Amino acid sequence: MSAATNAPESMHDSMRDTLRIGSLELCSRLLVGTGKYKDAAEMRAALELSGTDCVTVAVRRLPAAGAPSILDAIDRARYRILPNTAGCYDASSAIRTAVLAREILGVKWVKLEVLGDERTLLPDPIGTLEATRELAAQGFETLVYTSDDPRLGVRLVEAGATAVMPAGSPIGSGQGVLNPNAIRILLELVQVPVVVDAGVGTASDVALAMELGVEGVLLNSGIALARDPLLMATAMRDACRAGRAAFRAGRIPRRLYANASSPLDGVIAGAAART
């Protein structure tokens with residue numbers, strides 16, 4: 001009999017714990033970007049070690065037909081490609097970019113980004129809502145990059161978002177999840193997958209995000225700009241798995257005072273006194 005057959009039911013559940021976002025079904029809850037690596041070889045190795053099966057590609061990095069492409073360095077039989085509208089600062093350009101991605105890649109899902117300005121790279125709420133509504137009307141499955149404002153998340157779902165992707169902190173800042181309580185509230189208010197996107201700097205940031213109960217984490221700089229990207233890719237993979245398992249297991253309540261691990265019920269009085 002195999003070890004898997006003898007495994008507890010909770011372990012079987014964990015092995016079946018896939019991530020579903022619209023028509024996307026993924027085995028890994030870590031989504032990884034493809035930018036900022038020193039070369040294609042490093043990117044491929046990092047993706048392999050991260051355990052991801054979904055990678056994001058900025059549509060503006062896709063060249064005209066026949067020209068060299070980042071897609072040449074990605075095994076499309078192994079990874080789902082999630083195009084994103086990075087670099088768009090208004091709804092109309094984001095919509096055009098999404099349509100272009102559908103034509104080039106033949107997919108109906110897109111990571112939607114409508115940014116407010118080049119300095120902060122914070123999402124523009126009005127433009128994001130407008131683009132979400134239009135892309136949903138065109139049949140897209142939109143994974144929407146947004147702030148951690150819970151009410152905005154609700155509006156995005158009403159506009160047709162397939163998933164809501166609140167920033168843990170500003171893009172590339174490495175500050176981690178700055179407002180976990182906002183994400184907790186968002187999780188209560190929406191019935192679509194919530195994926196933390198942006199600002200993740202190290203493995204503990206990923207574990208914290210997953211322990212909140214989000215469906216996944218998307219990151220790029222945290223791996224690509226680490227001193228050792230390949231080692232960090234492994235750390236991010238393990239943190240994502242550990243955080244998800246901890247959420248499903250259920251942490252003990254936080255207490256102000258100690259709570260003895262060994263109960264004293266039935267202990268001989270003298271022995272109890274000495275302890």
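The values are calculated or read from the model by the stated rules, or taken from the named source; none is laboratory data. None of these values were measured; they are calculated from a predicted model. Every residue, glycine among them, receives a Cβ derived from its backbone with ideal geometry; neighbour counts consider all protein chains shown.
Would you mind telling me which numbered condition in (1) part of a strand (DSSP E or B); (2) in contact with a Cys (Cβ under 7 Å, 6 or more places away or on another chain); (3) among the β-branched types (Val, Ile, Thr) residue 97 fails? Answer for residue 97: the failing condition is (1). Among the conditions (1) polar (S, T, N, Q); (2) buried (at least 24 other Cβ atoms within 10 Å of the Cβ); (3) more than 24 Å from residue 48 (Cβ to Cβ), the only one that residue 84 does not satisfy is (3). Taking segment 48-58 as the range and being closer than 19 Å to residue 201 by Cβ and assigned to a helix (DSSP H, G or I) as the test, the residues that pass are 49, 50.
Taken over segment 21-35, the residue count meeting the criterion of being closer than 21 Å to residue 160 by Cβ and either of a type in the set (Lys, Arg) or not in a strand (DSSP E or B) (or both) is 2. The set of residues in segment 222-263 being over 19 Å from residue 44 (Cα atoms) and either surrounded by 10 or more Cβ atoms within 10 Å (Cβ to Cβ) or at pLDDT 95 or above (or both) consists of 239, 240, 241, 242, 243, 244, 245, 246, 247, 248, 249, 250. Note on segment 31-56: residues that are under 20 Å from residue 111 (Cα atoms) and of a type in the set (D, E, K, R) amount to 2. The residues of segment 19-53 that are among the polar types (S, T, N, Q) and farther than 22 Å from residue 225 by Cβ amount to a single one, 23. Taking segment 217-229 as the range and being in contact (Cβ under 8 Å) with a residue 60 or more places away in the chain and assigned to a helix (DSSP H, G or I) as the test, the residues that pass are 221, 223, 224, 229.
For segment 107-150, filtered to residues that are in contact with a helix residue (DSSP H, G or I) (Cβ under 8 Å, 6 or more places away or on another chain) and of a type in the set (D, E, K, R), the residue that is nearest to residue 79 (Cα to Cα) is 108. Can you report the number of residues in segment 125-165 which are more than 18 Å from the chain's Cα centre (by Cα) and within 22 Å of residue 185 (Cβ to Cβ)? Qualifying residue count for the region: 12.
A quick yes/no check of all residues on (1) modelled with pLDDT under 95; (2) closer than 18 Å to residue 224 by Cα; (3) under 20 Å from the mean Cα position of the chain (by Cα):
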{"site": "55", "(1), (2), (3)": "no, yes, yes"}
{"site": "59", "(1), (2), (3)": "yes, no, yes"}
{"site": "64", "(1), (2), (3)": "yes, no, no"}
{"site": "68", "(1), (2), (3)": "yes, no, no"}
{"site": "71", "(1), (2), (3)": "yes, yes, no"}
{"site": "74", "(1), (2), (3)": "yes, yes, yes"}
{"site": "80", "(1), (2), (3)": "no, no, yes"}
{"site": "91", "(1), (2), (3)": "no, no, no"}
{"site": "95", "(1), (2), (3)": "no, no, no"}
